[in-house]
1. How high is the FRET efficiency between A:ASP86 and A:ALA130 when r is their beta carbon distance and R₀ equals 30 Å, given to the nearest 0.05?
2. For A:SER482, which sequence-distant residues (separation of 5 or more, or a different chain) have an amide H within less than 5 Å of its own amide H, given hydrogens modelled in the peptide plane?
3. Need the full-extension length gain, A:ASP311 to A:GLN391, defined as separation in residues times 0.36 nm minus the C-alpha distance. One decimal, nm.
4. So what's the angle, to the nearest 10 degrees on a 0 to 90 scale, between helix A:72-81 and the longest Cα principal axis of chain A?
5. What's the angle, to the nearest 10 degrees (0 to 90), between helix A:38-56's Cα axis and the longest principal axis of chain A?
6. For A:THR115, what is the net charge nearby, where nearby means another residue's Cβ is under 10 Å from its Cβ and Lys, Arg count +1, Asp, Glu -1?
7. How tilted is helix A:206-216 with respect to the longest principal axis of chain A? Cα atoms for both, answer in degrees (0 to 90, nearest 10).
8. If you take every residue apart from A:TYR148 with its C-beta less than 12 Å away from the C-beta of A:TYR148, what net charge results, scoring Lys and Arg +1 and Asp and Glu -1?
Amino acid sequence: MLRVYNTLTGSKEPFESMVPGKVRMYVCGVTVYDYSHIGHARSALVFDVLRRYLEYSGFAVEFAKNFTDVDDKIIKRATEQGVSCDQITATYIKAYYDDMDRLGVRRATLEPRATEHMADIVALVETLVAKGMAYRVEGDVYFEVDRYPMYGRLSKRKRDDLQAGARVDVDERKRHPMDFALWKGSKPGEPSWDSPWGPGRPGWHIECSAMAMRHLGETFDIHGGGMDLIFPHHENEIAQSCGATGKEFARYWVHNGFVQINQEKMSKSLGNFFTIREIFDKSEWPDAVTGEMLRYFLLSTHYRSPLDFSDQSLAEAKNALNGLYDLFERLKEPAPAHGAADEHMREANTRTRQAFVEAMDDDLNTPNAIATLQKLRCEANKALEAGLSAQGRRAVRDEFRSLGSVLGLLQPDQWQFKRQKADEGSGVRGALANILSDDEIAGKIAARLAAKQSKNYALADQLRAELAAEGITIEDRPDGTSRWKR
RNA sequence: GGCGCCGUACCCAAGUGGCUAAGGGAGCAGUCUGCAAAACUGCGAUGCGGCGGUUCGAACCCGCCCGGCGCCUCCA
């Protein structure tokens, strides 16, 4: 049974869904005013894996991930570039999808946008006003934190402690410095929607409450996001949602840790971030490979721990993955009907599956889960040496494919990944597209084999060197034939 | 000032009270090979930031210290 760390209680808890066999989860997506960076990739990936694992465990998952498409930063960006907010959001929503596709992050089942839920948002604010939990100041509406006694329970903060902090320009019109905007009256030229308080737009937090409740109900199972959202975003979501309904909002709060650069938080404000597309574009590998490298790297650390990004760590992920794909190549070779290691292999498969599930059940311990796959790789290699039947080979391969799918790794459509041509593009990847064709490679390999047979090793080595110069590695089989890889 | 996190081998990273401290990467040695590549085998922390304490027993619990970081303001 899955146990997850719940930020609300500060401990790992057994996961039990409200409705048996069905999970409803909401994850805070991105504000679409710029390209996504690796931090966004990690968050998206963590919840992609949580979703995949819940499905693997037999749950039907309703998964909502929003796009914040009304926001100060979007307005600012639009003004700077002299285009409409719609153009900005359309551009970056498309970019987000492109990035996620390259990472192999599956679409959520629901992807609501704030601009499409204005009626829900306005209705929710009206409820809060009617209940006396929100107050109006000119064209703005604020949530009054003093009306929600449990305020601070997620972030484990007390209102007074927060007050003690050095606060920037406290709005004198607010009754308490922590009160936050539910609705903001809009200035001329800004996007606006009609409301009982005049034309305006929603505050940051209210959209998530409105959309989550609209699609998942007043109480649902899991709410997730990056750790930096715990306060104030999620704290405020809880206050306004529970305030409005009198019911619990989300039952499990799951938060992922940061990606860092040189031990420092990567963030826009520090300017030390890498965008996802930047990583792909400078990679010398095709998208499928780079995406899998990134996934492996991001999942090789537990989701709640900080994770330092570097070229070296990415390269290590690549090398670790290579060992797996080398094995898969070997598994594809012709094999006998019976093998001495068949029985042992079957046991190893079963053991691995159990260990994998155990690791994932423990608050999504993906590093451990990956370790079980690496152990299986070692077992399979040994089995190949001892003798593994065609059926035995297929069984291990299926095991890797099945468990790998939970992590979004080692998938069938990516099996041939080393042989894929880099798609059109520029730079290194463009250059790769012009390299030797498979036929040319096969020709050189045949020539080398002939040279070897006539003991002309100088020529054989030269041919091998020519291939190596094109990034092609040859592996000789015991029978004298060769396989190759890029 | 308030709240919280982290420090495990050359690098990355699990483990959080008790068998030989997972796994990966890099390295070295060996087997195989015409030579390679891949694979396999072996080597690699008597110790888990430091010092005390609790315990029959601690990397794991407690205290102090050192070092690094996060949140409290938009932020995955």
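Values quoted throughout were computed directly from the atomic coordinates according to the rules given, and no laboratory measurement underlies them. Quantities reported herein were computed from a predicted structural model and do not represent experimental measurements. Ideal geometry is used to build each Cβ from the backbone, glycine not excepted, and the neighbour counts take in all protein chains shown.
1. FRET efficiency, A:ASP86 to A:ALA130: 0.40.
2. Those lying under 5 Å, H to H, from A:SER482 are A:ARG477.
3. On the way: separation 80, 0.36 × 80 = 28.80 nm, distance 3.91 nm.
Here the answer is 24.9 nm.
4. Helix A:72-81 sits at roughly 70 degrees to that axis.
5. 80 degrees
6. For residues surrounding A:THR115, the net value is -2.
7. For A:206-216 against chain A, the angle is about 60 degrees.
8. Numbers: positive: A:LYS131, A:ARG147, A:ARG153, A:ARG159; negative: A:GLU144, A:ASP146, A:ASP179, A:GLU235, A:GLU237.
So the surrounding residues net to -1.
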